[in-house]
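One structure is given below, encoded as structure tokens.
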Amino acid sequence: LAKTTQPISMDSYEGQEVNITCSHNNIATNDYITWYQQFPSQGPRFIIQGYKTKVTNEVASLFIPADRKSSTLSLPRVSLSDTAVYYCLVGVGGATNKLIFGTGTLLAVQP
Amino acid sequence: GAGVSQSPSNKVTEKGKDVELRCDPISGHTALYWYRQSLGQGLEFLIYFQGNSAPDKSGLPSDRFSAERTGGSVSTLTIQRTQQEDSAVYLCASSLRLAGGPIDEQFFGPGTRLTVL
């Protein structure tokens, strides 16, 4: 089972680009990489998902190198409301489902 | 439309009692997941339902934990003989994922905060 490793915390300032890297050395061939955001007292919210190379949506970009042993979530021009815990998730596709959330990265955005 | 709902939002119980936690997924979502989150910790996967079947129950921490899903919709997580270490927020999520399909976006409910005294 693929285990993930993320920094415990990161600090940033409003307007900066933030990159959070997740390590998943044992990722399997059919695993997807997904990132979630969680605010206090709320359930996680999906941000982005990818399998390889680069994926971009309206809120973030996800960069996955060719070996897929890591991934980087990029948040452009963060604001105070982006302060949250960000989880990297690597799961097994197919009929079974073992989802492993990383420890999560607490991003603190300051004015 | 309505999101995932969970009830109760808070549950305080005494050690040794049984509790039932309910999850109402988004209509039409075939996949349903239960997670547990202890204070200051990440999410711990418990169980995954595809329709009414649970292909993977390996995340359930002990035989005191069980879950069922009926009609491909509502799910109930039951904890028997609760212990203090069961105190956590129990989160439910649902998705459109089809059997054998890749992991897709999961929509989480607000959670049930369980406190075992």
Among the listed pairs A:3/B:11; B:17/B:57; B:15/B:57; A:3/A:52; A:69/B:11, those beyond 29 Å (Cα-Cα): A:3/B:11; A:69/B:11
Around residue A:47: net Lys/Arg minus Asp/Glu count, Cβ-Cβ under 11 Å: -2
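Magnitude of the Cβ-charge dipole of region B:5-97, K/R +1 and D/E -1, about the Cα centre, nearest 20 debye?
60
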Heavy-atom accessible surface of the protein assembly as shown: percent carbon and sulfur, 1.4 Å: 51
Solvent-accessible area buried by B and A, counting both chains, probe 1.4 angstrom, square angstrom: 1700
P(r) histogram, all alpha-carbon pairs of chain B included - 5 Å bins from 0, percent: 2, 13, 24, 26, 19, 11, 5, 1, 0
Radius 12 Å from Cβ of residue B:25, net charge of other residues (Lys, Arg +1; Asp, Glu -1): +2
For region B:1-61 versus region B:64-112, the gap between their alpha-carbon centres in whole angstrom: 2
Simple spin-label estimate for residue B:80 and residue B:99 in nanometres, 7 Å along Cα-Cβ: 2.8
Two-decimal log10 I(q)/I(0) for the protein assembly as shown, as the Debye equation yields it once each C-alpha is a single scatterer, q = 0.13 Å⁻¹: -0.77
Surface per residue (accessible, 1.4 Å probe) for the protein assembly as shown, Å²: 47
Cβ charges +1 (Lys, Arg) and -1 (Asp, Glu), total dipole of region A:9-110, debye: 340
Karplus-derived 3J(HN,Hα), 6.51/-1.76/1.60, for each residue of region B:94-105, Hz, glycine and proline x: 9, 7, 7, 3, 8, 4, x, x, x, 5, 10, 5
Residue-averaged beta-carbon neighbours from other chains (10 angstrom radius) around A:30-42: 2
Length-normalised contact order of chain A in % [C-alpha pairs under 8 Å, at least 6 apart]: 37
Shielding score for B:30-43, defined as the mean number of other chain Cβ atoms within 10 Å: 3
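How crowded by other chains is B:94-104, given as the mean number of beta carbons from other chains within 10 Å of each beta carbon?
Shielding by partners across B:94-104 averages 4.
The values are calculated or read from the model by the stated rules, or taken from the named source; none is laboratory data. Computed from a prediction, not measured in an experiment: that's the story for all the values here. Every residue, glycine among them, receives a Cβ derived from its backbone with ideal geometry; neighbour counts consider all protein chains shown. In case anyone asks, the SASA skips ligands and DNA or RNA and just uses the protein heavy atoms, side chains included. Shrake-Rupley method; radii C 1.70, N 1.55, O 1.52, S 1.80 Å.
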